[in-house]
Amino acid sequence: MGAKLAPLVVVSGPSGVGKSTVVDAVLDLAPDVWLSVSATTRPPRAGEVNGREYFFVDNSEFSRLIEHDELLEWAEFAGNRYGTPRGPVLEHRASGTPVILEIEVAGARQVRARVPEAQLVFLAPPSWPELEARLIGRGTESAESVAKRLAAAEQELAAAPEFDRVIVNTDVGHCAGALVACLHDQPQT
Ligand code: 5GP
């Protein structure tokens, strides 16, 4: 029997719910955790660095990653493709490092199917108007992209019951603490 792999925690939820802020707080609280860096065909936003926020790739490179089975999961979201490189996730878990993925719902379903022991956490907004306000207010998206993301959010919210845990993002510290407990394999109440 192989050595036990470190925990894999997936955090998902609609665009604008505050996943990145919560994940940043997780990494502050638990520096032993590794955040997977996804590949995407989306162009970088101002300030984003290749290899840090994402690996920014073109469509043919993304197709190559799929064909060579180099992605643990992937999905199309708001007109671009996003995927989790498989190798680094396994390597970190095998060396005892807990891994967190911040991905959308279709990708979380694929992780559930391929890695049954993964813990799936859904981050929900306090309310729909709050989600709209956050997505528009952060000012990173064009009107077209906001509209696509809100349309996706309606479908994503319906998927919440499929997750092991749903946490309403009213307090970043509370959400981050709950995720750290999962990543450190501590029983939840
Ligand atoms: P954004 O363009 O705002 O960075 O990300 C858009 C959506 O794609 C977010 O919901 C984000 O969590 C999700 N996402 C980022 N990386 C991945 C990935 O590797 N796989 C999947 N399935 N979704 C991802």
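Of everything listed in (1) within 16 Å of the ligand (Cβ to nearest atom); (2) modelled with pLDDT of 95 or more; (3) not β-branched (V, I, T), the single unmet condition for D164 is (1). Within region 13-25, restricting attention to residues that are in contact with an Asp or Glu (Cβ under 6 Å, 6 or more places away or on another chain) and either closer than 19 Å to V89 by Cα or among the basic types (K, R) (or both), the residue that is farthest from the ligand (Cβ to nearest atom) is V23. Taking region 1-11 as the range and being more than 9 Å from the ligand (Cβ to nearest atom) and touching a residue at least 12 places away in the same chain (Cβ under 8 Å) as the test, the residues that pass are A3, L5, A6, P7, L8, V9, V10. Scan region 135-157 and tell me whether some residue there is over 25 Å from A3 (Cα atoms), in a strand (DSSP E or B) and out of contact with any Pro (no Cβ under 8 Å at 6 or more places or on another chain). No, region 135-157 has no match at all.
Conditions tested, residue by residue: (1) of a type in the set (D, E); (2) under 25 Å from G173 (Cα atoms); (3) in contact (Cβ under 8 Å) with a residue 40 or more places away in the chain.
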residue	(1), (2), (3)
G13	no, yes, yes
V26	no, yes, yes
A39	no, no, yes
V49	no, no, no
E53	yes, yes, no
D58	yes, no, no
E61	yes, no, no
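Within region 170-185, the residues that satisfy the criterion of being farther than 9 Å from V22 by Cβ, assigned to a helix (DSSP H, G or I) and not small (G, A, S) are H174, V180, C182, L183. Hey, does region 128-144 have a residue that's within 13 Å of the ligand (Cβ to nearest atom), hydroxyl-bearing (S, T, Y) and without any contact (Cβ under 8 Å) to a residue 24 or more places away in the chain? Checked region 128-144: at least one residue is within 13 Å of the ligand (Cβ to nearest atom), hydroxyl-bearing (S, T, Y) and without any contact (Cβ under 8 Å) to a residue 24 or more places away in the chain. Within region 94-111, being surrounded by fewer than 19 Cβ atoms within 10 Å (Cβ to Cβ) and more than 12 Å from the ligand (Cβ to nearest atom) holds for A94, S95, G96, T97. Would you pick out the residues in region 109-134 that are hydrophobic (A, V, I, L, M, F, W, C), part of a helix (DSSP H, G or I) and in contact with a strand residue (DSSP E or B) (Cβ under 6 Å, 6 or more places away or on another chain)? Selection gives V111 alone.
In region 26-63, the residue that is surrounded by the most Cβ atoms within 10 Å (Cβ to Cβ) out of those that are within 11 Å of the ligand (Cβ to nearest atom) and closer than 22 Å to A94 by Cα is S38. Within region 134-144, not a single residue is under 28 Å from R42 (Cα atoms), under 15 Å from the mean Cα position of the chain (by Cα) and surrounded by 13 or more Cβ atoms within 10 Å (Cβ to Cβ).
I167 fulfils the conditions (1) in contact (Cβ under 8 Å) with a residue 12 or more places away in the chain; (2) in a helix (DSSP H, G or I); (3) of a type in the set (V, I, T) except for a single criterion, (2).
The values are calculated or read from the model by the stated rules, or taken from the named source; none is laboratory data. From a predicted model like this one, the values you see are computed outputs, not experimental measurements. We place every Cβ from the backbone using ideal geometry, glycine too, and count neighbours over all the protein chains shown.
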